[in-house]
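The values are calculated or read from the model by the stated rules, or taken from the named source; none is laboratory data. Quick caveat, the model's predicted, so the values are computed rather than measured. We place every Cβ from the backbone using ideal geometry, glycine too, and count neighbours over all the protein chains shown.
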């Protein structure tokens, strides 16, 4: 069925698997954390890394789908590389580490670890041997006259969502940087108990929006060496309902 792929269907497949990835993340954290957490990186219920990984597997692993071992190894490699690059780029761009596998055995700089890479390999076998055929069958059953309008509507929503999310992340990074500067100034003037600096700090804290707080709830391991103390303080303020 892969020979019928085009830009429209690839994008729709990406959205479907991004949504399924979001569902998987939510269910996983209901099981592990005993609470409902919106694990979508964007505002909407999608996790783009799952959609991207699935599309890459469909494009590159289709020739291997008759060999379970090669399919497993291909999925293992594709998902590991994608997760490593995504984690590394997010940390470089936004100065924060969104997930951390440091406590897992056989991890690589906390971005990837053997346990989850094996899980992605198993998932790739299920995706390519069972799930993908059904997903593409559903997408190809959509009347041709509806494909382009559906593509355009979802694309616009997706681009707006990505834009808003990136803007929130940039704003969050700027707030952390400003708080870092204020904290440094306060530590130098600790004995003076500079009231103006404390007021300035509190005003900066008030600029934290619900979206910024949701990032901390979605990614409890969110950290970065130079901001880790500030992130801990923000979490404490959230727990004490000061934000």
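With the condition kept exactly as written, say whether any residue in segment 90-112 is farther than 30 Å from residue 177 by Cα and exposed (fewer than 13 other Cβ atoms within 10 Å of the Cβ).
Yes.
When you go through 223, 165 one by one, which is the residue that is within 27 Å of residue 30 (Cβ to Cβ), surrounded by 12 or more Cβ atoms within 10 Å (Cβ to Cβ), outside the structural domain of residue 38 (by TED's automatic domain parsing) and modelled with pLDDT under 85?
Step by step, each of 223, 165 is checked, and only 223 is within 27 Å of residue 30 (Cβ to Cβ), surrounded by 12 or more Cβ atoms within 10 Å (Cβ to Cβ), outside the structural domain of residue 38 (by TED's automatic domain parsing) and modelled with pLDDT under 85.
Are any of the residues in segment 130-145 part of a helix (DSSP H, G or I) and over 29 Å from residue 75 (Cβ atoms)?
Yes, there is a match, as at least one residue in segment 130-145 is part of a helix (DSSP H, G or I) and over 29 Å from residue 75 (Cβ atoms).
Taking the residues in segment 6-19 that are surrounded by 15 or more Cβ atoms within 10 Å (Cβ to Cβ) and free of Cβ contacts under 8 Å to residues at least 40 places away in the same chain as candidates, determine which candidate is nearest to the chain's Cα centre (by Cα).
In this case the residue turns out to be 18.
Looking only at segment 143-170, count every residue that is touching a helix residue (DSSP H, G or I) at 6+ places or on another chain (Cβ under 7 Å) and either free of Cβ contacts under 8 Å to residues at least 40 places away in the same chain or over 23 Å from residue 42 (Cα atoms) (or both) and tell me the total.
Qualifying residue count for the region: 2.
Taking the conditions exactly as written (touching a helix residue (DSSP H, G or I) at 6+ places or on another chain (Cβ under 6 Å) and touching a residue at least 60 places away in the same chain (Cβ under 8 Å)), does residue 99 satisfy them or not?
Judged against the criteria, residue 99 is not a match.
Out of the residues in segment 1-28 that are at pLDDT below 75 and assigned to a helix (DSSP H, G or I), state the one that is farthest from residue 136 (Cα to Cα).
Only one residue tops the list, namely 3.
Could you go through segment 32-52 and let me know if any residue there is part of a helix (DSSP H, G or I), surrounded by fewer than 16 Cβ atoms within 10 Å (Cβ to Cβ) and within 16 Å of the chain's Cα centre (by Cα).
Looking for residues that are part of a helix (DSSP H, G or I), surrounded by fewer than 16 Cβ atoms within 10 Å (Cβ to Cβ) and within 16 Å of the chain's Cα centre (by Cα), one finds none in segment 32-52, hence no.
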